[in-house]
Amino acid sequence: MAKIIDGKELAKKIRKDLKEKCDGLKKRGLNPKLAVIMVGENSASKVYVRNKSKACDEVGIEYQEYFLEEDTTQEQLMDLIKRLNEDKTVNGILLQSPIPRNLDINLAFKTISFRKDVDGFTPSSIGKLTMGEDTFISCTPYGVVKMIEEYNIDLTGKSVVILGRSNIVGKPLIQCCLAKDATVTVCHSKTKNIEEYTKKADVIISAIGKPKFVTKDMVKEGAVVIDVGINRTDEGKIVGDVDFENVEKVAGYITPVPGGVGPMTIAMLMNNVIKATEEQNVEK
Ligand code: NAP
């Protein structure tokens, strides 16, 4: 039976450590603050931002939400981002996706100051990550890496197969795993015979958004299986991409959903807000 990687517990520990750091910043007269922008109604986004706001409360980070109506123009969105870039009381800016289809989300991300880019989505952050420089790493890949580190899983020379190539999860994960000296393969919707890659993998990271996509026969005995997927079943249950009940019988390590990558993503967002506050206030 696989060892469970407990993201919920690990995230709690990270939040506790961050609270101490945050208290230290407050003693210096600094008040870390995260601004979250939502555009239009989206029930899943509401749940995500509520969880982010709760985590901010716990760590001691000030949280401010900006809700823009569905018919917001690109210019209005950009104006708000520019205003928040200039606002010295704001340390981190997060634009919650999705936003209405008529708006250009990449253009909006590009407008966020790289110094406040706590989601790690700006070209500057992505470029620095690719070059192996210190930067804001997008929160989900960062959470995955942190889990791997905390469970002392060494990726050196290991074969890592990433399922999914999105800008926010799959692509930054490539750089994160390369930085740990893994041999990385990325599969996506056009990949033929995915199981031929996964069956040979020491580590499988799935981020595609399809329930029970990763089945027991796709996994090598003892492999590490990280499930990034968040899917809602017809019965309203939250499940990952991995057929957990069966895969845990063959895997060496496995993350549950819920209670795996999800809480780690939010913990790393908190980490990035504290990092942003520190970097914006370096003592001369
Ligand atoms: P996305 O932008 O929709 O990307 C999905 C990726 O999966 C794409 O690269 C797509 O390939 C690939 N894919 C789709 N169907 C496939 C198939 N049948 N076989 C192989 N590859 C397939 O999604 P995302 O934003 O990266 O999110 C992925 C999942 O992670 C979702 O369930 C999301 O809810 C979850 N998520 C969780 C967290 C967390 O904190 N735990 C954070 C972010 C996202 P193409 O590129 O070829 O289309």
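Numbers for the structure displayed
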quantity: Close pairs (7 angstrom Cβ cut-off, 6 or more residues apart or separate chains): of a type in the set (Lys, Arg) in the range 214-227, at pLDDT below 95 and part of a helix (DSSP H, G or I) anywhere; calculated: none
quantity: Any chance residue 179 is in contact with a strand residue (DSSP E or B) (Cβ under 9 Å, 6 or more places away or on another chain) and not basic (Lys, Arg); calculated: no
quantity: Any chance residue 41 is over 20 Å from the mean Cα position of the chain (by Cα), open to solvent by 20 Å² or more (accessible area, probe 1.4 Å) and among the acidic types (Asp, Glu); calculated: yes
quantity: Matching residues in the range 75-103 - criterion: being open to solvent by less than 80 Å² (accessible area, probe 1.4 Å), within 16 Å of the ligand (Cβ to nearest atom) and not hydroxyl-bearing (Ser, Thr, Tyr); calculated: 94, 95, 96, 98, 99
quantity: Extreme residue, surrounded by the fewest Cβ atoms within 10 Å (Cβ to Cβ), among residues of the range 226-267 that are more than 14 Å from the ligand (Cβ to nearest atom) and within 15 Å of residue 147 (Cα to Cα); calculated: 252
quantity: All positions within the range 212-225 that are surrounded by fewer than 24 Cβ atoms within 10 Å (Cβ to Cβ) and assigned to a loop (DSSP other than H, G, I, E, B); calculated: 212, 213, 215, 220, 221, 222
quantity: The range 156-174: number of residues that are more than 15 Å from the ligand (Cβ to nearest atom) and within 22 Å of residue 125 (Cβ to Cβ); calculated: 1
quantity: Given (1) outside any strand (DSSP E or B); (2) open to solvent by less than 50 Å² (accessible area, probe 1.4 Å), index of the condition residue 36 fails; calculated: (1)
quantity: Of residues in the range 127-155 being crowded, with 23+ Cβ neighbours inside 10 Å and more than 25 Å from residue 198 (Cα to Cα), the one nearest to the ligand (Cβ to nearest atom); calculated: 137
quantity: Residue that is open to solvent by 40 Å² or more (accessible area, probe 1.4 Å), outside any loop (DSSP other than H, G, I, E, B) and under 26 Å from residue 236 (Cβ atoms), where the choices are 26, 13, 19, 46; calculated: 46
quantity: Neighbours by Cβ (under 9 Å, 6+ apart or cross-chain): first from the range 102-115, among the hydroxyl-bearing types (Ser, Thr, Tyr); second in a loop (DSSP other than H, G, I, E, B) and open to solvent by less than 70 Å² (accessible area, probe 1.4 Å); calculated: 111/122; 113/122
quantity: Checking residue 272 against (1) away from the ligand (no atom under 12 Å from the Cβ); (2) open to solvent by 50 Å² or more (accessible area, probe 1.4 Å); (3) touching a residue at least 12 places away in the same chain (Cβ under 8 Å), the condition it does not meet; calculated: (2)
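The values are calculated or read from the model by the stated rules, or taken from the named source; none is laboratory data. Fair warning: this is a prediction, and the values are worked out from it, not measured in the lab. Virtual Cβ from ideal backbone geometry, glycine too; neighbours counted across all protein chains shown. Side chains included, ligands, DNA and RNA excluded: accessible areas come from the protein's heavy atoms. Shrake-Rupley method; radii C 1.70, N 1.55, O 1.52, S 1.80 Å.
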